[in-house]
Amino acid sequence: NKTDRFMLDWIGSHAGWDYSVAMLQSRSNLKNVFNSGYVNNTNMVAGLNGTLDAAGLTPPWLNPFGPQTAAGAAYIQSQQIRGVMQRSEGSLRGLKADASAEIYKLPAGPLTMAAGIEYYRDSVSITNDGRIAEAVGSGLEGAFDSFGSRNWLGLFAEFNVPVVKTLELNLALRYDDYSDFGSTVNPKAAL
């Protein structure tokens with residue numbers, strides 16, 4: 001598995017507003033490799049049953065109850081499945097920005113506001129080598145290739161309202177839109 005990621009974050013202040021702008025990217029590559037221990041299911045069954053294998057040849061009889069003949073051991077060795085069975089690649093890219101400031105002076109203290117936007121795109125692809133997937137006991141038999149991606153946009157606004165010196169009201173609203181299932185609006189109020 002190999003993952004590379006970076007993030008750039010720019011933080012500052014301007015005209016009484018504190019702000020942050022960030023960009024990120026992450027990429028991951030994963031390979032499932034069979035080095036040894038997995039064999040061709042079809043041909044092993046042919047060796048146990050004394051029938052023709054996938055190439056139309058008669059394998060030596062394989063003895064499941066005792067030692068193998070030299071020919072049987074060589075046949076089992078030749079049926080080893082090796083190689084990259086599955087590759088997975090994923091990526092996440094995003095951009096976010098937010099700002100906050102004191103926007104009004106109240107008798108109990110400053111009214112503050114924060115607002116922000118976020119945008120992300122993630123994608124994944126999984127590809128399988130069907131020839132290798134037939135290995136007995138791999139857990140990946142019947143695995144199929146799959147691909148997908150989605151975008152996500154988020155917007156938020158939040159206010160902190162001082163009611164008295166020791167009590168604050170927090171009001172917030174968040175909107176999220178996902179390309180794969182829709183959008184949601186979530187309000188929040190707290191004392």
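Residues in region 47-61 that are under 23 Å from Gly139 (Cβ atoms) and open to solvent by less than 70 Å² (accessible area, probe 1.4 Å): Gly47 only.
Checking each residue in region 169-191 for being in contact (Cβ under 8 Å) with a residue 24 or more places away in the chain and within 18 Å of Pro107 (Cβ to Cβ) picks out only Leu191. In this entry, Tyr120 passes the filter for residues that are part of a strand (DSSP E or B), open to solvent by less than 70 Å² (accessible area, probe 1.4 Å), farther than 19 Å from Leu30 by Cα and of a type outside the set (D, E, K, R).
All conditions in (1) open to solvent by less than 30 Å² (accessible area, probe 1.4 Å); (2) hydroxyl-bearing (Ser, Thr, Tyr); (3) assigned to a strand (DSSP E or B) hold for Thr112, with the sole exception of (1). Within region 146-154, one or more residues are open to solvent by less than 60 Å² (accessible area, probe 1.4 Å), in contact (Cβ under 8 Å) with a residue 12 or more places away in the chain and of a type in the set (A, V, I, L, M). So is Met7 closer than 29 Å to Leu155 by Cβ and touching a Leu at 6+ places or on another chain (Cβ under 6 Å) or not? Yes: the conditions hold for Met7. Identify the residue in region 159-191 that is among the acidic types (Asp, Glu) and assigned to a strand (DSSP E or B) and, among all such residues, is farthest from Gly116 (Cα to Cα). Among residues in region 159-191 that are among the acidic types (Asp, Glu) and assigned to a strand (DSSP E or B), the one farthest from Gly116 (Cα to Cα) is Glu168.
The values are calculated or read from the model by the stated rules, or taken from the named source; none is laboratory data. None of the values given here were measured: they were computed from a predicted structure. Here Cβ is always computed from backbone atoms with ideal geometry, including for glycine, and neighbour counts include all displayed protein chains. Surface areas here come from the heavy atoms of the whole protein model, side chains and all, with no ligands, DNA or RNA. Shrake-Rupley method; radii C 1.70, N 1.55, O 1.52, S 1.80 Å.
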